[in-house]
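**Q** Quick one: structure below, then a few questions.
The values are calculated or read from the model by the stated rules, or taken from the named source; none is laboratory data. Keep in mind it's a predicted model, so treat the numbers as computed, not measured. Because the Cβ atoms are built from the backbone with ideal geometry, glycine has one as well, and the counts that use them run over all protein chains shown. Note: accessible area is taken over every heavy atom of the protein model, side chains too, but ligands, DNA and RNA are not part of it. Shrake-Rupley method; radii C 1.70, N 1.55, O 1.52, S 1.80 Å.
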Amino acid sequence: MWPLNDACDFFLKAVANLAYDTEPVADVSGEDVKVQALDELPAAWEKAVTAEEWPKVLNVLSRGGRFWPVEESTGEGGRSAYMKDHLTIFYSERKATDANPFSGKQLPGTLSATPELLADLTPLAEKYPESEWPFRSTNYKPRFRSITFLANSPIMRDLCAHNYLELNLDDAADLGIEDGDAIRITNPTGDVMEGEAMVRAGIARGTFGVAYGYGHIGYGAQDVLIEGGESRPGDPAIGAGVHLQTILDPTVEDPYPYVDPEAASPARSGGVYKIEKA
């Protein structure tokens with residue numbers, strides 16, 4: 001029944017389903033359209049749904065989704081209504097009966113405070129001494145880029161065009177770095193971050209902060225050559241700023257990121273870095 005020739009043919013119909021589920025949402029307001037530049041969306045998006053559906057689709061897009069009332073998501077005692085009651089696991093038999101695939105060492109069945117470890121359980125500080133790599137990273141979602149995709153919003157870019165490499169007041173003084181200086185942060189596997197320093201309270205000594213949602217290398221930031229010769233120009237403003245570089249794990253032969261062994265996800269805090277003026 002429906003053409004699926006482009007991504008928007010698929011996902012905007014899904015958004016329309018969401019907009020009409022249970023009770024249809026209201027049409028988007030003119031204020032939301034103006035503030036979020038929704039009238040600048042590609043014509044193909046509007047053509048993917050009906051004229052009646054389009055204002056309701058924009059309403060959902062303007063809010064990043066459709067949400068149940070807060071009172072329906074909160075259970076007894078303020079706990080989430082979607083959580084199992086009083087579910088707390090202090091010991092995981094599955095975890096305790098696994099072994100580290102690189103070292104063969106048995107894993108503990110409980111969470112514990114451990115130093116940062118590489119894939120074979122070698123302490124990170126043993127491979128990269130603190131004397132040479134004294135800084136750790138931290139990161140957060142900023143108010144203007146609560147999700148990475150807001151880089152394509154002109155309004156959000158106007159509010160904060162790029163992020164910063166955020167330093168502790170005392171660390172910056174020791175390094176001779178002032179607010180607004182161009183600085184360079186490197187990690188031991190060769191990645192480099194260059195950006196503007198923001199010297200502020202709220203960053204722990206020995207760490208630096210990076211806000212999410214900046215430094216895109218795709219997502220419309222670069223020119224794209226489409227098969228057949230058509231070129232779609234990129235917008236460098238979408239790629240402004242820096243993204244936190246991932247340290248590679250030297251104990252794994254193929255390129256593999258340094259991973260948090262407890263959460264089994266690429267480590268986005270911690271790591272080891274050095275900081276200098278650019």
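Each row is one residue, and each column tells you yes or no for (1) open to solvent by 30 Å² or more (accessible area, probe 1.4 Å); (2) in contact with a helix residue (DSSP H, G or I) (Cβ under 7 Å, 6 or more places away or on another chain); (3) not basic (K, R).
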site: L175; (1), (2), (3): yes, no, yes
site: I185; (1), (2), (3): no, no, yes
site: Y212; (1), (2), (3): yes, yes, yes
site: I226; (1), (2), (3): yes, no, yes
site: E230; (1), (2), (3): yes, no, yes
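**Q** Quick one: in segment 147-163, of everything that is under 18 Å from L244 (Cβ atoms) and in contact (Cβ under 8 Å) with a residue 60 or more places away in the chain, which residue is surrounded by the fewest Cβ atoms within 10 Å (Cβ to Cβ)?
**A** Going through segment 147-163, the residues under 18 Å from L244 (Cβ atoms) turn out to be 147-151, 160, 162-163.
Going one step further and asking which of them are in contact (Cβ under 8 Å) with a residue 60 or more places away in the chain, we end up with 147-151, 162-163.
Numbers: I147: 10, T148: 15, F149: 13, L150: 19, A151: 23, H162: 15, N163: 25.
Ranking the candidates gives I147 first.
**Q** Next question. Taking segment 246-278, which residues are outside any strand (DSSP E or B) and at pLDDT 80 or above?
**A** Residues of segment 246-278 that are outside any strand (DSSP E or B), as a first pass: 246-247, 249-256, 258, 261-264, 267-269, 278.
Once the filter is applied, which keeps residues that are outside any strand (DSSP E or B) and at pLDDT 80 or above, segment 246-278 yields I247, D249, P250, T251, V252, E253, D254, P255, Y256, Y258, A278.
**Q** Also, quick follow-up: Among the residues of segment 119-147, which ones are of a type in the set (S, T, N, Q) and more than 18 Å from A37 (Cβ to Cβ)?
**A** Residues satisfying the conditions are T122, S131, S137, T138, N139.
**Q** Just the residues that are surrounded by 15 or more Cβ atoms within 10 Å (Cβ to Cβ) and of a type in the set (K, R), please, taken from segment 128-146.
**A** If the condition is that a residue be surrounded by 15 or more Cβ atoms within 10 Å (Cβ to Cβ) and of a type in the set (K, R), then R136, R145 are the ones that fit.
**Q** Considering each of T110, T114, T50, T74 in turn, give the residue that is among the β-branched types (V, I, T), surrounded by 10 or more Cβ atoms within 10 Å (Cβ to Cβ) and at pLDDT 90 or above.
**A** On the way: T110 fails: at pLDDT 90 or above; T114 fails: at pLDDT 90 or above; T74 fails: at pLDDT 90 or above.
From the options T110, T114, T50, T74, the qualifying one is T50.
**Q** Is it the case, given these coordinates, that I238 is within 16 Å of the chain's Cα centre (by Cα) and either surrounded by fewer than 20 Cβ atoms within 10 Å (Cβ to Cβ) or not charged (D, E, K, R) (or both)?
**A** Judged against the criteria, I238 is a match.
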